[in-house]
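Down below is the structure, laid out as structure tokens.
The values are calculated or read from the model by the stated rules, or taken from the named source; none is laboratory data. Just so it is clear, the structure is predicted and the values come from calculations on it, not from any experiment. As a convention, Cβ positions derive from the backbone with ideal geometry for all residues, glycine included, and neighbour counts pool all protein chains shown. The area values use the complete protein model at the heavy-atom level, side chains included, leaving out ligands, DNA and RNA. Shrake-Rupley method; radii C 1.70, N 1.55, O 1.52, S 1.80 Å.
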Amino acid sequence: MRERYNPEGADVGISATTLCNPIQQTILKQRHPDKLKVFDVSDRFWSFLGAIAHQVLSEHGRDDALVETRFFAEAHGKVVSGQTDHYCGEIITDYKCTKAYKVMKGDFTDWERQTNLYAWLAETNGWPVTGLRVFAFIRDWSQRNLYQKGYPPCPIVELPLPLWPKEQQHRFVSDRVKALLLAEQDHDHELPECTQREMWQDARDWAVVKEGGKRAVKCYDNEEESRTHNFKSGEVLIQRLTSRKRCLNHCAAAPVCSQHARLLLEEGGEPWQQKLVEPVTEEQV
Ligand code: SF4
């Protein structure tokens, strides 16, 4: 039940995690501490295992490394801080527990932002950074799936991440702090809405369906392929989205979030959303 990164409730200012989280979520959590979703400890099982991995690894960093070190700096008059897992030889290493799917998808934007924020903090404190990487521990790795294209070759993989120029790192921190401070003035319903990415919602597929129907006549992995479909009269193309995983399972602010309430109504209880891409008219057929 205790935050691993802030066990004693120490003042860490605005943490790197907070800066990378959706602004709406951060503000709602600050404003409504007694109305937040209460998670069962079993919902936190994987983060518990992640905490164990971090604990073990923190005891085995290189002798000349800075391990689990929190750096502090200032932006727009606010204290910003972040705790790196391992800093050594000008390389910042972060440990992540994840799923094979994420590694196969190859979208590490969230990790890239977080580690560049760490790099900005380390540099500001006089520790140069020339490289960033994540060691990903793949909790659902299975030898049986090795035949799949892009499947990680073993359950622990090293992923180098792009190091941004210093100005870009500084701009990122400055923009996020500014946006957070501005949002503090907003009423709940005026807060900046979470993006699809922030809600952990992806495109599931592109499906050709009969207009008004739900059953797919044919499914495609991407829009380009779907356009090659030989559309018959009355068939339309829709993009199907995955569920909003963060809102539904991981966001403590969900009970007080008006965006979530509105989207639930719009989705009408469907496990996934549909977005009409473009109706195909008789003429086009
Ligand atoms: S419930 Fe969803 S939309 Fe609302 S703050 Fe959380 S992540 Fe954002």
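Within segment 8-52, being acidic (Asp, Glu) and within 18 Å of Ala254 (Cα to Cα) holds for Asp34, Asp40, Asp43. The criterion of at least 3 residues that are open to solvent by 30 Å² or more (accessible area, probe 1.4 Å), farther than 28 Å from Asn21 by Cα and not assigned by TED's automatic domain parsing to the domain that holds Ile23 is met, among strands (runs of 3 or more DSSP E) falling completely within segment 188-254, by 216-220. Between Lys99, Lys35, Lys29, the distinction of being away from the ligand (no atom under 16 Å from the Cβ), in contact (Cβ under 8 Å) with a residue 24 or more places away in the chain and open to solvent by 70 Å² or more (accessible area, probe 1.4 Å) belongs to Lys99 only. Put simply, of Leu163, Leu117 the only residue that is in a helix (DSSP H, G or I), in contact with a strand residue (DSSP E or B) (Cβ under 9 Å, 6 or more places away or on another chain) and surrounded by 14 or more Cβ atoms within 10 Å (Cβ to Cβ) is Leu117.
Going residue by residue through segment 166-186, is there one that turns out to be in a loop (DSSP other than H, G, I, E, B), within 16 Å of the ligand (Cβ to nearest atom) and on the phi < 0 side of the Ramachandran plot? Yes, there is a match, as at least one residue in segment 166-186 is in a loop (DSSP other than H, G, I, E, B), within 16 Å of the ligand (Cβ to nearest atom) and on the phi < 0 side of the Ramachandran plot.
Select from segment 17-26 the residues that are over 17 Å from Trp200 (Cβ atoms) and either open to solvent by less than 20 Å² (accessible area, probe 1.4 Å) or near the ligand (Cβ under 9 Å from one of its atoms) (or both) and list them in ascending order.
First, pick out the residues of segment 17-26 that are over 17 Å from Trp200 (Cβ atoms): 18-19.
Selection gives Leu19 alone.
Checking the stated criteria, Glu158 turns out to be open to solvent by 60 Å² or more (accessible area, probe 1.4 Å), without any contact (Cβ under 8 Å) to a residue 40 or more places away in the chain, under 18 Å from Phe108 (Cα atoms) and assigned by TED's automatic domain parsing to the domain that holds Ile27.
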